[in-house]
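The values are calculated or read from the model by the stated rules, or taken from the named source; none is laboratory data. On a predicted model such as this, the values are computed, not experimentally measured, just so you know. No Cβ is skipped: glycine too gets one built from the backbone with ideal geometry, and neighbour counts run over all protein chains shown. For accessibility, only protein heavy atoms count, side chains too; no ligands or nucleic acids. Shrake-Rupley method; radii C 1.70, N 1.55, O 1.52, S 1.80 Å.
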Amino acid sequence: MGKTRIPLDSIDHACSWMARLLAEDASDQEQRDCVRWRQADPGNEAAWQQLQRVQSRFNSLPDRAAGLGS
């Protein structure tokens, strides 16, 4: 069984949502809007979950590997 392709539009929107929600001034309303966007289409949720997996990989890198250490 092959992997389901995630629509590029959904990936683009997921990236935009993540960038917005990681901002210090992200609002509760934006959090709710993101949840609604994710629930609106299975492709949106798939894109969000894929981006979360990628983000968790970056978060697990040591600072030096991420180019942040000395």
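What number comes out for accessible area per residue over the chain if the probe is 1.4 Å? Units Å², please. Please list the in-between numbers first.
Values: 5650 Å² over 70 residues.
Here the per-residue accessible area is 81 Å².
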Checking Asp33, Asp12, Asp25 against a Gaussian network model of the chain (alpha-carbon springs below 10 Å), the top fluctuating residue turns out to be Asp25
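Rounded, prolate or oblate for the chain? Axes are the square roots of the Cα gyration tensor eigenvalues, ordered a ≥ b ≥ c, and the cut-off for rounded is a/c under 1.5. Write out the running numbers ahead of the final one.
Details: a/c = 2.94, a/b = 1.28, b/c = 2.29.
Oblate shape, in that a/c is at least 1.5 and b/c is the bigger or equal ratio.
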Counting alpha carbon pairs within less than 8 Å and at least 6 residues apart, what relative contact order, in whole percent, applies to the chain? 35 percent
Springs between alpha-carbon atoms under 10 Å, Gaussian network over the chain: tell me which of Ala23, Ala40, Ala14 tops the mean-square fluctuations. Ala23
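Rounded to the nearest 500, what is the chain's calculated 222 nm mean residue ellipticity when only DSSP H runs of at least 4 contribute -39500 (n - 2.57) each, over all residues? Each step should come with its number before you reach the end.
On the way: 3 runs with 46 residues, N = 70.
About -21500 deg cm²/dmol.
Given charges of +1 on the Cβ of Lys and Arg and -1 on the Cβ of Asp and Glu, with all other atoms neutral, how large is the dipole of the chain about its Cα centre, in debye to the nearest 20?
Numbers: 9 positive and 10 negative charges, 86 e Å.
Using only the charged Cβ atoms, the result is roughly 420 debye.
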